[in-house]
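So the structure is just underneath, and the comments pick up after that.
The values are calculated or read from the model by the stated rules, or taken from the named source; none is laboratory data. Computed from a prediction, not measured in an experiment: that's the story for all the values here. Cβ coordinates were reconstructed from backbone atoms using ideal geometry, including for glycine residues, and neighbour counts include every protein chain displayed.
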Amino acid sequence: MTTYDKIYINGQWVASEGTKTISVFDSITEQVMATIPEGTAGDVNKAAAAAKAAFASWSTLPKADRAKYLNAIAAALGARMDEIASAISRETGMAKPLSNMIQVGIPMNSFAQAAALAESFDFEKQIGSSLVVREPIGVVGCITPWNYPLHQIAAKVAFAMAAGCTVVLKPSEVAPVDAFMLAEIIHEAGLPTGVFNLVTGTGPVVGEAISASADIDMVSFTGSTRAGKMVMKTSADTVKKVALELGGKSANIICEDLDAETFAKAIMGGTGQAFLNSGQTCSLLSRMLVPRSRLAEAEGLAAAVANGIKVGDPFAEGTNVGPLASAAQRDRVTGFINKGIEEGAKLIAGGAGTPEGLETGYYVKPTVFSEVTNNMTIAQEEIFGPVLSIIPYDGIDNAVDIANDSPYGLAGAVFAADKETGIAIARRIRTGQVTVNGGAFNPNAPFGGYKQSGVGRELGVYGFEEFLEIKSLQL
């Protein structure tokens, strides 16, 4: 077990004002893998004051110098990839090879991409008699989730610092170990004091203090829609900017015109994708919309994928799906599975109960329901586990209506025989990003949602711009 007994404020590891600690559990063994300080509002006040004091010098530092620090952090993450990915696999349950590639690889890209933008971005533009300048917004409070912990930290911290902002980070208390590793890297990189600050603790205490702080100019939050609403309400008293990346219930439309081979590829690929990170992905394609005429065909293919998935230790060779991140999450997902059965959905793979031979660890069976209607609980609420709902549709207009019949609008997908047809359908889906015919995830494209999936965008130049104010100089 690792004991982290200090938080990071103003370039130093310091004791929290609080005396309590929080236990971090290993998702595989269910044993405590680390303890962290349970921070206080006073800790946040100190961190925010340090970040505010550092802002003037950091925001005016030459762009090339800011980029140099960010590139050094990216390189150091690469040097510690195995160690960091191993910690995240234990925290979240993601299979270790995927943790290397996704949980550490994408953050490395974020710091490198942010460094490039810091140098290449055009901060000034002449419009008639006005000079329009983009300036860093100030101190940014970053509140991050447990499912892709370092990725979401990097999506906020890297781009905020690249823009010239200083930050106060509150990582999820469920998966905070990687945040301490990042703080160690930042300290070793020699980042100026106060630019990066880390305060661990709970959302109702540390998160609320960040949202309420008058010294913090912006909050960037990733998490549940329920928690995001609280962040927005608390932030309103100081009229600070709020960026939210929240939940999703994304639809994957499989078109009727696909030949048998392509149809199989779309169904099987979509089913496998629904179980990525044990289903703990906000942009998960958790609703698969298939033509009613091909429902039986889709059921056979999806069930075969789900039944063939190897569930087990994330560090064991060949494991596809590991445990969920916590006992609470396991119980929540099991409750949704039981709700699907209770409401009359057709269970074609998985179900409630522990996978055979996996009594220890927060494991859930990869589960597929069919004949789901869009008013069922499992079709409307974000489950955040390895549960796929297959919903039949009658005609593409009906499919689009079903896809858009959701309070969320984070992601989506279309698989069509003709790419242009797929693009036309994608344009009709009210979400922040849509995959067409299996297009790969682009870590430099904007990520964010419509409706209750959030406000603002992360990653790439659009994510960078979120941390900038606009000023007009009338000349």
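Per-structure values
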quantity: Verdict on residue 266 being crowded, with 20+ Cβ neighbours inside 10 Å and under 30 Å from residue 25 (Cα atoms); calculated: no
quantity: One residue from 466, 420 being of a type in the set (D, E, K, R) and surrounded by fewer than 20 Cβ atoms within 10 Å (Cβ to Cβ); calculated: 420
quantity: Selection within region 180-212 - at positive phi and crowded, with 21+ Cβ neighbours inside 10 Å; calculated: 194, 201
quantity: The one condition in (1) touching a Pro at 6+ places or on another chain (Cβ under 8 Å); (2) more than 29 Å from residue 364 (Cβ to Cβ) that residue 48 fails to fulfil; calculated: (1)
quantity: Yes/no for residue 384 being over 19 Å from residue 266 (Cβ atoms) and either among the aromatic types (Phe, Trp, Tyr) or touching a residue at least 40 places away in the same chain (Cβ under 8 Å) (or both); calculated: yes
quantity: Region 445-475, residues that are in a loop (DSSP other than H, G, I, E, B) and under 18 Å from residue 243 (Cβ atoms); calculated: 445, 446, 448, 449, 452, 453, 456, 457, 459, 466, 467
quantity: Hits in region 145-178 (condition: small (Gly, Ala, Ser) and surrounded by fewer than 24 Cβ atoms within 10 Å (Cβ to Cβ)); calculated: 164
quantity: Answer from 394, 418, 401 - the residue that is at pLDDT below 95 and either out of contact with any Phe, Trp or Tyr (no Cβ under 6 Å at 6 or more places or on another chain) or in the same structural domain as residue 311 (by TED's automatic domain parsing) (or both); calculated: 418
quantity: Matching residues in region 129-151 - criterion: being over 16 Å from the mean Cα position of the chain (by Cα) and in a strand (DSSP E or B); calculated: 130, 131, 132, 133, 134, 135, 136, 139, 140, 141
quantity: Scan of region 1-58 for residues that are within 21 Å of residue 90 (Cα to Cα) and aromatic (Phe, Trp, Tyr), ordered by number; calculated: 4, 25
quantity: Qualifying residue in region 305-314 (condition: within 21 Å of the chain's Cα centre (by Cα), closer than 30 Å to residue 91 by Cα and either in the same structural domain as residue 435 (by TED's automatic domain parsing) or surrounded by 21 or more Cβ atoms within 10 Å (Cβ to Cβ) (or both)); calculated: yes
quantity: Which listed residue is in contact with a helix residue (DSSP H, G or I) (Cβ under 7 Å, 6 or more places away or on another chain) and aliphatic (A, V, I, L, M), from 402, 378, 423; calculated: 378
quantity: Test: residue in region 213-235 that is polar (S, T, N, Q), surrounded by fewer than 23 Cβ atoms within 10 Å (Cβ to Cβ) and either free of Cβ contacts under 8 Å to residues at least 12 places away in the same chain or under 25 Å from residue 285 (Cβ atoms) (or both); calculated: yes
quantity: Single unsatisfied condition, residue 410 versus (1) in contact with a Ser or Thr (Cβ under 6 Å, 6 or more places away or on another chain); (2) surrounded by fewer than 18 Cβ atoms within 10 Å (Cβ to Cβ); calculated: (2)
quantity: Selected residue [more than 21 Å from residue 103 (Cα to Cα), under 24 Å from the mean Cα position of the chain (by Cα) and of a type outside the set (D, E, K, R)] from 39, 78; calculated: 39
quantity: Selected residue [touching a helix residue (DSSP H, G or I) at 6+ places or on another chain (Cβ under 6 Å) and either at positive phi or not hydroxyl-bearing (Ser, Thr, Tyr) (or both)] from 328, 316, 352; calculated: 352
quantity: Which listed residue, of 293, 278, is at positive phi and either without any contact (Cβ under 8 Å) to a residue 60 or more places away in the chain or assigned to a helix (DSSP H, G or I) (or both); calculated: 278
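To keep it simple, each residue is scored yes or no on (1) free of Cβ contacts under 8 Å to residues at least 24 places away in the same chain; (2) more than 17 Å from the chain's Cα centre (by Cα).
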residue	(1), (2)
92	no, no
103	no, no
109	no, no
116	no, yes
122	yes, yes
153	no, no
168	no, yes
